[in-house]
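To keep things clear, I will list the structure first and then write my remarks on it.
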Amino acid sequence: MISEIVNLSTGPVAISPKVMNAFKEPPISHRSAAFKKLYNKTTRLLSAAFHVQQTFLLTGSGTLANEVMLQEIKCIQGKGLILSNGEFGERLIEQARRNNLKFIKHEIDWGKPFNLEVIKQIVLQKSVKWILFAHCETSTGVINDLDQLLALAKSTNCLGFVDCMSTVGTMPLNLSQVAMATASSGKGLASVPGLAIIFANIELSLKRESPVYLDLTHYSTHAGIPFTLSSNLVKALYASIFQKLRAGHYELIQHYGEQFFKILNDHGFVPFSDANSKVFTIVTSGKRKSDFYRYMKQKKILLSNESKYLTIRGWCQLATLGYYTEKQLRFVLNAIRRYSSEV
């Protein structure tokens, strides 16, 4: 038996004591030399880990990171293509609409994989200049093929922009071929929520009409720190990087994720998942609709079920986005086995 709650929700995710201790340290001024050193070493580590030219940290959520990315996209001449196979693809479309971007959308059923040949034909026929999509569609857990979609973009002279909220920090990831990608401190990097993260491989555009808070050029000309940024959040993120971005932790998550998938899939509970999933959307029917969530809650295992897109469908989610010990994951695996043996 395990005494503490094991957090397998999609966020806020499980955070280690080491990261929380870093977060609790006395704050320092964002104008101080010490803070600039902390910021620079944190962004350099992230740039090296994900093979990108620049990394920016902003105060805000992953949604803010996407808003900033959309401001950059807005400067590109020509229309784009936004792909959607779930809730978060739909959110990108809505954000792009509100930002008055010129784009067409390619929407397919939730949980379905994209057909690359169909997308290629759209790009060629519509003279598309950029493509935007979510790497992991968190609403279903489907991982869209990053390498293939970026290769398609390159072969058709498009720029690729990617929402990587649920994959940065959960698997080895090479973002060298993206124009720009986004993440947040409170998802796969398993730190305290509150930092929006933008990775960039393109020259930033001058934006005279963009809100200054959303203009990465302004950040770049002020060494990345034009506005107040919490040292506590950056310290926590720096501490978490060393725990999450390790081969050993990636392998631990992959090993137990494969076992979670096998049991859940054998019972038909995870129609959108595969052995590489990091978010398992549990789909059951009839009287069993909330049984799995209640059972896991009784075992002190926290899942997600309160987002609107989950509640209206009667779904819940088990995710391995946070930081875990092998003892915790073994406990979860045993709980899944017991539940499966009883249904």
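The values are calculated or read from the model by the stated rules, or taken from the named source; none is laboratory data. Note that the structure is predicted; figures quoted are calculated from it, not measured. Cβ: placed from backbone, ideal geometry, glycine included. Neighbour counts: every protein chain shown. Note: accessible area is taken over every heavy atom of the protein model, side chains too, but ligands, DNA and RNA are not part of it. Shrake-Rupley method; radii C 1.70, N 1.55, O 1.52, S 1.80 Å.
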Inside region 202-234, the number of residues satisfying the requirement of being within 24 Å of GLY160 (Cα to Cα) and hydroxyl-bearing (Ser, Thr, Tyr) is 6
The residue from THR59, THR138, THR63 that alone is open to solvent by 50 Å² or more (accessible area, probe 1.4 Å), within 15 Å of the chain's Cα centre (by Cα) and not small (Gly, Ala, Ser) is THR63
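So that you can scan it fast, the table gives a plain yes or no per residue for (1) crowded, with 24+ Cβ neighbours inside 10 Å; (2) of a type in the set (Phe, Trp, Tyr); (3) more than 22 Å from LYS37 (Cα to Cα); (4) touching a Lys or Arg at 6+ places or on another chain (Cβ under 8 Å):
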{"residue": "SER176", "(1), (2), (3), (4)": "no, no, yes, no"}
{"residue": "GLY188", "(1), (2), (3), (4)": "yes, no, yes, yes"}
{"residue": "LEU195", "(1), (2), (3), (4)": "yes, no, no, no"}
{"residue": "ALA200", "(1), (2), (3), (4)": "no, no, no, no"}
{"residue": "GLU203", "(1), (2), (3), (4)": "no, no, yes, no"}
{"residue": "VAL212", "(1), (2), (3), (4)": "no, no, yes, no"}
{"residue": "ALA223", "(1), (2), (3), (4)": "no, no, no, yes"}
{"residue": "PRO226", "(1), (2), (3), (4)": "no, no, no, no"}
{"residue": "ASN232", "(1), (2), (3), (4)": "no, no, no, yes"}
Only one of (1) more than 21 Å from the chain's Cα centre (by Cα); (2) closer than 26 Å to SER9 by Cα does not apply to GLN125, and that is (2)
Checked against (1) outside any helix (DSSP H, G or I); (2) open to solvent by less than 10 Å² (accessible area, probe 1.4 Å), GLY314 satisfies every condition except (2)
Residue set PHE114, PHE133; condition aromatic (Phe, Trp, Tyr), outside any helix (DSSP H, G or I) and more than 25 Å from VAL68 (Cα to Cα); output residue PHE114
Across (1) under 19 Å from the mean Cα position of the chain (by Cα); (2) assigned to a loop (DSSP other than H, G, I, E, B), ARG208 clears everything bar (1)
A careful count of residues in region 287-313 that are within 23 Å of the chain's Cα centre (by Cα) and small (Gly, Ala, Ser) gives 2
Here the residues within region 141-162 that are open to solvent by 50 Å² or more (accessible area, probe 1.4 Å) and polar (S, T, N, Q) are GLN148, SER155, ASN157
Going through region 163-174 in order, the residues found to be open to solvent by less than 10 Å² (accessible area, probe 1.4 Å), over 16 Å from GLY60 (Cα atoms) and not hydroxyl-bearing (Ser, Thr, Tyr) are VAL168, GLY169
- Query: Does LYS187 count as charged (D, E, K, R), modelled with pLDDT of 95 or more and in contact with a Leu (Cβ under 6 Å, 6 or more places away or on another chain)?
  - Reply: yes
Considering residues that are in contact with a Ser or Thr (Cβ under 6 Å, 6 or more places away or on another chain) and open to solvent by 50 Å² or more (accessible area, probe 1.4 Å), the number found within region 262-278 is 1
CYS75 vs (1) of a type in the set (A, V, I, L, M, F, W, C); (2) open to solvent by 30 Å² or more (accessible area, probe 1.4 Å); (3) part of a helix (DSSP H, G or I): all pass except (3)
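Could you tell me whether LYS74 is within 27 Å of THR217 (Cβ to Cβ), of a type in the set (Lys, Arg) and touching a residue at least 60 places away in the same chain (Cβ under 8 Å)?
yes
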Cβ pairs under 9 Å, 6+ apart or interchain, first in region 319-343 and in contact (Cβ under 8 Å) with a residue 60 or more places away in the chain and part of a helix (DSSP H, G or I), second among the acidic types (Asp, Glu) and surrounded by fewer than 20 Cβ atoms within 10 Å (Cβ to Cβ), ordered by first then second residue, are GLN328/GLU4; SER340/ASP266
Of the residues in region 219-234 that are touching a Ser or Thr at 6+ places or on another chain (Cβ under 9 Å) and hydrophobic (A, V, I, L, M, F, W, C), the one that is nearest to PHE199 (Cα to Cα) is VAL234
